[in-house]
Every structure is written in C-alpha cells, then in structure tokens.
1. Residue check: is B:Gly309 small (Gly, Ala, Ser), within 18 Å of B:Leu33 (Cα to Cα) and at pLDDT below 95?
2. Would you point out which residue out of A:Gly108, A:Gly58, A:Gly63 is in contact with a helix residue (DSSP H, G or I) (Cβ under 6 Å, 6 or more places away or on another chain), over 14 Å from A:Leu44 (Cβ atoms) and in contact (Cβ under 8 Å) with a residue 40 or more places away in the chain?
3. Of all the residues that make up the stretch B:256-308, how many are more than 12 Å from the chain's Cα centre (by Cα), of a type in the set (Ser, Thr, Tyr) and crowded, with 24+ Cβ neighbours inside 10 Å?
4. Please determine whether any residue of the stretch B:169-186 is within 14 Å of chain A (Cβ to nearest Cβ), out of contact with any strand residue (DSSP E or B) (no Cβ under 9 Å at 6 or more places or on another chain) and in a helix (DSSP H, G or I).
5. Any idea which residue in the stretch B:106-130 is surrounded by the fewest Cβ atoms within 10 Å (Cβ to Cβ), counting only those that are farther than 14 Å from B:Ala260 by Cα, touching a residue at least 12 places away in the same chain (Cβ under 8 Å) and more than 14 Å from every other protein chain (Cβ to nearest Cβ)?
6. May I ask you to say which residue of A:Gly41, A:Gly16 is touching a helix residue (DSSP H, G or I) at 6+ places or on another chain (Cβ under 8 Å), surrounded by 24 or more Cβ atoms within 10 Å (Cβ to Cβ) and closer than 20 Å to A:Val241 by Cα?
7. Restricted to the stretch A:286-307, and to residues that are facing chain B (nearest Cβ under 9 Å) and under 27 Å from A:Ile83 (Cα atoms), which residue is surrounded by the fewest Cβ atoms within 10 Å (Cβ to Cβ)?
8. Every residue in the stretch A:85-133 that is assigned to a loop (DSSP other than H, G, I, E, B) and under 20 Å from the mean Cα position of the chain (by Cα), please.
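The values are calculated or read from the model by the stated rules, or taken from the named source; none is laboratory data. The shown structure was predicted, so the numbers you read here are calculated from the model rather than taken from an experiment. Cβ placement follows ideal geometry from the backbone for every residue including glycine, while neighbour counts extend to all protein chains displayed.
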Amino acid sequence: MSPLIAAVLAAAVRSGTPVLFATLGEIFAERSGVLNLGVEGMMLVGAFAGFVTTARTGNPWLGLIAAGATGAALSLIHAVLSITLRANQVASGLALTIFGTGLSASLGRSFVGVPATGFRPMPIPGLEALPLVGPVLFRQDALVYLSYLLVLAAWYALYRTRWGLNIRAVGERPEAADAMGVDVARVRYGCVAIGGALAGAGGAYLSTAYTSMWIENMTAGRGWIAVALVIFATWDPLRAVVGAYLFGGVNALQLHLQASGTGLPVYLLLMAPYVFTIVVLVFATRETARRRLGAPAALSVSYSRDQ
Amino acid sequence: MIHLERRRSSGAASAVALAVSIGAALAAGGLVLAASGVNPFAAYAELVSDPFGSAFGWSETIVKATPLIFTGLAVLLPARMRLWNIGAEGQLQCGAIAATWIAVFTPIGHSSLAVPVLLLAGMAAGAAWCLVPGMLRAWLAVNETITTLLLNYVALLLVDFLIYGPWQDPQSRGFPLSPILPPAAKLPVLIAGTRVHLGFALALLAVGAVVFVLKRTRWGLEIRIIGDNPDAARYAGIDLARNILLVMAAAGALAGLAGAGEVSAVSGRLQQGLSPGYGYTGIIVAWLARLNPAATVLVAILLGGLFLGGDGLQISLNLPIAVVYMLQGLIFFFVLGSEQLAGYRLRIGRRDHAASASHIT
C-alpha cells in the first residue's frame with residue numbers, strides 16, 4: 001500500500017475519533033430513551049474545558065478529565081429538564097447546544113491563540129510494524145487507543161451486562177422495566193451523563209490531540225454529525241466505528257485535496273462532510289426501515305408512573 | 001406523599017412564568033459574567049437601556065426583530081405539525097444569496113422591479129433549500145431535524161465560496177464582500193430617520209397570513225389535525241407527504257425573506273455575519289411564543305433587543321456576541337423548566353386519580 005493511502009487512512013481515523021466519542025455517548029443516552037440534541041454544545045464546552053486545563057496544567061490527561069466532567073455536568077441540565085421535569089427533549093437539547101455554543105465562545109475568547117501541548121502520537125511497539133493496519137491504527141495518540149477500548153467496553157456493557165439489559169429495557173419499555181424494579185430515572189440520568197462525558201471527551205480530542213488550540217465553534221457541526229451517525233449505527237457501538245471512520249475518511253480526503261491543490265474551491269470541498277452525512281442518513285434510514293432496526297421504542301418519550 | 005399533578009395553565013400564568021424565567025436566566029448568566037471578570041450589573045444596564053431606553057433604541061430593536069419574526073414563523077409553522085425546522089439559518093442565507101444575485105448580477109437590480117423581484121427570489125431560494133429536507137422527510141422518512149441543521153453549514157459555506165470567489169467585489173481589496181446592491185434594490189425605509197424598513201411591515205403581514213392560514217383555511221385545518229394526531233390525520237385521508245412539502249416550502253420561503261431583507265435593507269451586500277444566528281434564535285422565538293404566531297412579534301422584539309444590547313456590549317465592555325447566545329440558552333432552559341412546573345401543581349396527600357389521568361404530551 002502506498003504511504004499516501006496509509007497517511008490518508010490514518011488521518012481518517014484521527015478525524016473520525018472525536019465523532020466516535022460523541023456517537024458512543026449519544027448511543028447510551030438514546031438507548032435509555034433520551035434524545036440529547038445538545039451534543040454539539042457539550043462537545044464545544046468540552047473542547048474549551050479540555051484545552052484550558054491542558055494549557056494551564058501542561059497535562060492533557062487532566063484536560064480530558066475536565067472535559068468529561070464538564071460535558072457530564074452540562075448534560076445533567078438536559079437530564080433534569082427532560083427526565084425529571086418531562087420537558088420536550090428536542091427543545092431542551094437545542095437549548096443546550098445554543099447555551100454551550102455561547103458559553104464556550106464567551107469564556108474562550110481570551111484563549112484564542114494560546115499555545116498548549118496536547119496528546120502526541122504514541123506508536124504501539126510491535127503493532128505499529130504490522131502491514132496496512134500498523135501505520136493506520138497503531139501510530140496514533142493515546143486517545144485514539146482509548147476510543148478503541150471504549151467501543152468494546154460500550155458494546156460489552158450494552159449487550160453482556162445486567163446494567164446494559166436494564167438500559168435497553170428502559171429505552172424500549174420503561175413501564176415494563178419499572179415493573180421489574182428498575183429505577184427508570186436513575187438509569188436514564190446515568191446514560192445521559194455518560195453521553196455528556198463522552199461528548200466532552202470528543203471535544204477535548206479536537207482541542208488537545210487533533211489540534212492543540214482553541215478556536216470558537218471548532219466542532220463545526222461534528223456534534224450533529226454524531227447524532228446522525230447514531231441512526232447510521234442503528235444504536236450499536238460496533239457500527240458506530242464504521243460511521244465515524246467513514247465521516248473521518250471523507251473529511252481526510254477533502255483536506256488532502258485542499259492541500260494537494262487540485263484547483264477545486266476550498267469552500268466547496270468543505271461542504272463534503274455535511275453533504276456526505278445527509279446522504280449516509282438517507283441510506284441508513286432506508287436500511288433501518290427495511291430491516292426493522294428501529295430506534296428505541298421509548299426514544300424521546302418521557303416516563304412517569306402517573307400516565 | 002408529594003405528587004406533581006397536571007393542571008390547566010392560563011395565559012397569565014405563562015406570562016408570569018416567562019418573566020420569572022428571564023429573571024432567573026439573567027441571574028445565572030450574571031454568575032458567568034462575574035466569573036469572567038465583567039460586572040454583570042453594568043452589562044445588564046446596557047443590555048436593557050440600549051434597546052429599550054430611547055426612541056432610536058426601539059427603532060433599532062425593531063430592525064433586529066424583523067428577521068426574527070420571519071425565522072420564528074419558519075420554525076413555528078412546521079412545528080405545528082410536529083416537524084422541526086432548525087435550518088432557518090441556512091434558508092436565510094440562501095434568501096440573501098438569491099436577492100444579491102438579482103440585485104447585483106441581473107439588469108433587474110437597477111429597475112423599478114428590483115425590490116419585489118429580489119424578495120420573491122429570496123423566498124424561492126429559501127423554499128427550495130428547505131424543500132430538500134422536506135422531500136427527504138415526506139418521501140423517505142429521513143429525520144428532518146438533522147438534515148435541516150446540517151444544511152445550515154452547507155449554506156454558510158456557499159456564501160463563503162461566493163464572497164471569497166466569483167462574487168467578490170474587485171474594489172473590496174481582498175475582503176470577502178460582494179459588490180454593494182444598487183440603490184434601486186434597497187428596501188424602502190418605513191419611518192424616516194430610522195432603519196426600520198419595509199421588511200418589518202412584511203413580517204407583520206406574514207404573521208397575519210400564518211394566523212389566517214392556520215385558523216381559516218382547509219390547509220391550516222389539516223396542519224392542526226396532523227399536529228394533534230398524525231394517525232387520525234391519515235385515517236381522515238389527509239395527504240401527509242403533500243402537507244410536509246407545503247409546510248417546509250412555506251417555512252423556507254419565510255426564512256428566505258428574512259435573508260433578502262437583511263441583504264437589501266441592512267448590510268447592503270452579501271457578507272459574513274449577515275445574520276448573527278437569527279435562524280437559531282427563531283427556534284427560541286417559536287417556542288417562547290408557544291407556537292402562537294401572533295405572539296412571535298413580542299418575543300422577537302424581546303430577543304431582538306437582546307441582540308442589540310449584545311452589540312452594545314461588544315463595543316463598550318468588549319464582550320463577544322456569544323454572551324447573547326449564552327443568555328438565550330439560559331432563557332430557553334428556564335422557560336422549558338418553568339412551563340413544566342407551571343403545568344403541574346405540587347399536591348400533598350392522596351393521589352387524585354381523576355386529575356392525574358389526563359394525557360401528558
């Protein structure tokens with residue numbers, strides 16, 4: 001394989017990783033029945049918190065923790081509104097995105113142009129020498145490796161543990177789960193918080209690994225792309241990998257075309273990831289309908305015993 | 001035992017809830033401002049006095065409210081049949097592109113027909129942009145929330161492509177600006193000495209039209225039936241796909257009109273920052289108006305004032321316009337929370353089954 005193709009594929013993995021974090025998180029929230037459209041806002045605040053912490057302490061791991069904690073804290077606003085107060089989940093999620101966008105840009109203005117040292121590539125001895133997969137998958141930074149582990153952990157948690165069974169039950173038939181003694185609100189709070197933490201981590205990836213800087217609105221719609229990829233993934237963590245890397249591939253390819261000076265207008269190339277996501281969503285919608293792999297039955301429906 | 005129990009909410013109660021929500025949002029936002037080293041009282045004094053403290057302030061508030069009425073309606077109309085159009089921002093940009101094209105790049109721009117034609121072109125472009133997610137939803141059941149939103153990014157990049165590329169004004173010395181619209185293509189000012197333009201009158205007309213359509217026409221009846229119960233609508237033989245297409249086209253046209261108005265009356269050319277996010281704020285306008293078209297005017301003036309105050313804060317306290325978004329998000333949170341709380345009452349004692357059996361949507 002030519003080094004060029006390996007470089008583009010490795011860039012696809014890097015570019016897909018922040019979306020992968022956010023998609024995994026949103027899968028948890030939606031599997032429990034809570035649609036959170038605040039991903040974009042939580043990612044932005046996570047990117048900001050992760051960057052500031054990394055710049056101040058010099059330790060990107062602390063940045064990652066700060067980003068996860070901030071994302072989770074923000075997601076709890078959505079949890080309180082949509083789970084406890086049973087507000088409209090679409091509206092509450094949109095409010096969270098608007099708030100997160102405003103908050104990160106308000107607080108972040110004095111950090112534009114500030115230098116920081118983030119995550120660096122860390123080839124894994126042995127594995128990096130493998131043909132094809134070595135340069136693509138195993139010459140990345142620590143957060144990419146963490147995302148591999150998270151995919152497996154998420155899959156295992158959802159399909160092989162009691163807790164995962166409870167999550168899926170709460171997302172499909174909350175009244176039945178409730179009757180079986182599962183605390184519906186508690187499971188949902190937990191899943192929304194996981195979603196927030198992972199969205200925050202995805203944001204931190206952008207500001208401490210993909211780049212080492214803070215820019216206003218630097219997620220540029222990746223949170224929304226994650227929401228779309230959850231549908232593509234049919235709420236399955238393993239399929240989320242495919243979606244995230246497809247998005248990453250398109251993004252890496254358009255960046256490569258920009259850099260290699262093909263004469264194609266930059267602004268038209270920049271549209272590619274968004275248009276691609278819409279196309280993917282169309283096919284995913286047809287596929288899920290055909291194979292009857294629908295959304296969790298109780299998605300975006302609030303639950304109360306009174307009803 | 002303490003229960004939350006459903007109760008009927010009155011208009012007065014929701015007005016009180018709105019006022020309390022705004023107060024709470026300002027208090028929470030004040031904490032953030034204080035944390036970033038800004039005196040929140042000084043900031044809020046300006047935030048209120050700039051837009052509402054003088055006749056000129058009021059007129060500028062109305063200039064800002066004008067696009068918000070359009071985008072609020074562009075969100076509200078589809079929401080009445082349970083569709084989320086969060087792409088008003090992109091539809092607005094498309095309206096601005098089409099209006100610029102008519103005014104600058106066709107001979108119509110210098111004729112007496114310039115204003116009506118550029119407004120119609122803006123509506124058509126906005127409608128076409130919104131019809132893409134409309135068709136995907138109507139025919140392929142693709143989630144319109146995500147597609148309308150993603151197209152915002154595409155539309156903004158399209159504007160960038162034009163003003164950095166083929167439409168860049170040769171006299172702009174490299175700045176990303178289109179040529180200035182000719183005088184014939186400028187919307188007339190309604191009140192001399194202010195910037196309040198024809199767009200505001202059109203926005204009020206649009207409110208009237210939406211009220212009329214929803215209350216007095218068969219189409220409006222169908223929209224309301226679909227909104228109440230999509231299954232019942234299907235049994236009643238209402239063509240769902242056709243209604244989705246019509247509503248999305250109308251919504252896009254309204255947002256497109258906002259963009260045409262901004263380019264023609266306010267910025268005078270296609271440029272970045274044409275809209276500070278009027279499309280997104282339209283979501284809040286529609287929600288705060290509780291999907292009541294007449295109420296969008298008041299809410300748009302309130303949020304338009306917030307934008308104007310935000311402009312002032314940029315200059316006097318060097319605060320970013322993002323502060324406005326933070327406050328808008330907070331207001332939205334508190335309104336959502338208080339609506340739910342106002343819809344219930346705390347009840348201590350035995351559960352009243354008759355009262356709690358009502359349906360909660």
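1. Against the criterion (small (Gly, Ala, Ser), within 18 Å of B:Leu33 (Cα to Cα) and at pLDDT below 95), B:Gly309 qualifies.
2. Only one candidate passes the filter, namely A:Gly63.
3. Selection size over the stretch B:256-308: 1.
4. No, the stretch B:169-186 has no match at all.
5. For the stretch B:106-130, the residue satisfying everything is B:Ser112.
6. After ruling out the rest, the residue left standing is A:Gly16.
7. Going through the qualifying residues, I end up with A:Gln307.
8. If the condition is that a residue be assigned to a loop (DSSP other than H, G, I, E, B) and under 20 Å from the mean Cα position of the chain (by Cα), then A:Gly118, A:Phe119 are the ones that fit.
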